[in-house]
1. Once you have the Cα-Cα distance between Glu336 and Leu467, take 0.36 nm times their residue separation minus that, and quote the gain in nm to one decimal.
2. As a test of the formula, what do you get for the chain when each DSSP H run with n ≥ 4 contributes -39,500 (n - 2.57) and the sum is divided by the residue count, at 222 nm and rounded to the nearest 500 deg cm²/dmol?
3. Please list the three semi-axes, largest first and in whole Å, of the ellipsoid equivalent to the chain, using sqrt of 5 times the eigenvalues of its alpha carbon gyration tensor.
4. What residues qualify as long-range amide H neighbours of Val444, i.e. H under 5 Å apart, gap of 5 or more or another chain, H built at 1.01 Å from N?
5. Can you pull the one-decimal nm distance between simple spin-label points at Glu413 and Ala147, each 7 Å off the Cα toward Cβ?
6. Out of all Cα-Cα pairs in the stretch 5-125, roughly what percent, to the nearest whole number, are more than 24 Å apart?
7. Percent of alpha carbon pairs in the stretch 311-391 separated by more than 19 Å?
8. Can you give the translational diffusion coefficient of the stretch 246-345 in µm²/s, computed by Stokes-Einstein from the Kirkwood radius over Cα pairs at 20 °C and 1.002 mPa s?
Amino acid sequence: MSNDLDFVIRHADVVTASDRFSCDIGIREGRVAMLGQGLPRAPRELDASGMLVLPGGVDAHCHLDQPMPDGLRMADDFFTGTRSAICGGTTTVIPFAAQEKGQSLQAAVDDYHRRAEGRALIDYGFHLIVADPTPHVLAEELPRLIANGYTSFKVYMTYDDLKLNDREMLDVLTVAREHGALVMVHAENSDCIGWLTERLLGKGLHAPHAHALARPAVVEREATHRAIAFAELVDVPILIVHVSGADAIEQIRWGQSRGLPILAETCPQYLYLTAADLGRDGYEGAKCVCSPPPRDPANQQAVWKALRQGVFSIVSSDHAPFSYDDPQGKKPGGKEVSFEHIPNGIPGLETRLPLLFDGVRKGQLSLHQFVDLTSLRPAKLYGLYPRKGTIAVGADADIVVWDPEKRVTIANEALHHAVDYTPYEGIEVTGWPRHCLSRGEVIVEDGKLVAAQAGRGRFLPAGKPCLD
Ligand code: URP
Ligand code: ZN
Ligand code: ZN
């Protein structure tokens, strides 16, 4: 192996989750090979003066080309989704291989590999979604998949086609404990939602705004508490995903204060949107229909505060891409449907980092917390560290040269996903990625996508979750 460098980033103001230092970064064969002053010249160089140099983002909760019930289709596949991710500074994604009821988990994983291969532009891992924990799945498939690099899985407490009952939840948590996996929990009480939905429909309430009324905070709070109780009973860590506001946060704090290993994730939609956005003109509110729904400004502040105080481990996008003017998207069959039939989820891969970074600028959290929440901790929790999540000798050269002063008014026409809208249209942020490298290759240069080779992204088998 030659000792020559392939690439040098000069005058880098490097920020990791714990440190800030000035140096040149030498890259060889896709990895960081040297950090130091005055590194030898390389065939390719880049001057990062005036910029921040950050580890590439790890988006540990996004949905790409996930098989959908008949008539629905996600707008982003692995190519358009990962293209959008890296244009927003994210260099690793972890979407979900979702088991359908009656399907083997291995079949779901095999199918998902076929969807990713030849399409992904950046590296990716898989979480599993366990929707049918049969004795065979619990005793054979899950342990084998965990050993083969699928060390995290999501379980749902709502959605008829995905939800587990309490006993099934306990069974899945037990496998996670025995084999060292991390369970992600979608915590909303399904029966409460069904009961409320019927009452709302009975009153003639069909508009998108009723989605928020059908899933109030108490519904999330109850399920969050129940999931925490299960984790205590089984004695296993869990991670509550897409936490929307103060009620669920209170439960998580309560669990953490008892010394339980309760981890939590939130998403930009709970910092920037409110339930009022679901009431946008006409059917436009469908653009913000996701679960749990965004709450109100007081809840937004509660989420910012909990981020500052370390209640949350990660911030993910929960990118779930359904186009608005699409008969397979937000208008199933080409119609404006009653709220309970609107596909849940909103796009956000590309806007995740800029929206959160704007909070750094406004004093809501520190720069190191920003890197921790969006890169280091997701890499650690999902078994990808130290290859991903930091800038260090030996790590993959997934690096973002970030312009902290660039002002951007978010507009869908400038984004790189295949969705026909962004819920954040018109929001102004300061800070945007300028250059993005994936394994030492410049994919985004001066804010423009310059290399878009579908299939260059590699699958990352995950190691065991690291909770430190
Ligand atoms: O509404 C949402 N969050 N859709 C995506 C699926 C999920 O539950 O994360
Ligand atoms: Zn969910
Ligand atoms: Zn999700």
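1. On the way: separation 131, 0.36 × 131 = 47.16 nm, distance 4.40 nm.
Extending this stretch completely gives an extra 42.8 nm.
2. The helix-only estimate for the chain comes to -8000 deg cm²/dmol at 222 nm.
3. Whole-Å semi-axes of the equivalent ellipsoid: 34, 25, 21.
4. Cys436, Val450
5. Label at Glu413, label at Ala147, 5.6 nm between them.
6. Roughly 44 percent, rounded to a whole number.
7. 53
8. 144
Read the figures in this text as sums done on the coordinates, not as results from a lab. The model shown is predicted, which means the values in this text are computed figures rather than measured ones. For neighbour counting, all protein chains shown are included, and Cβ atoms are generated from backbone atoms with ideal geometry for every residue, glycine included.
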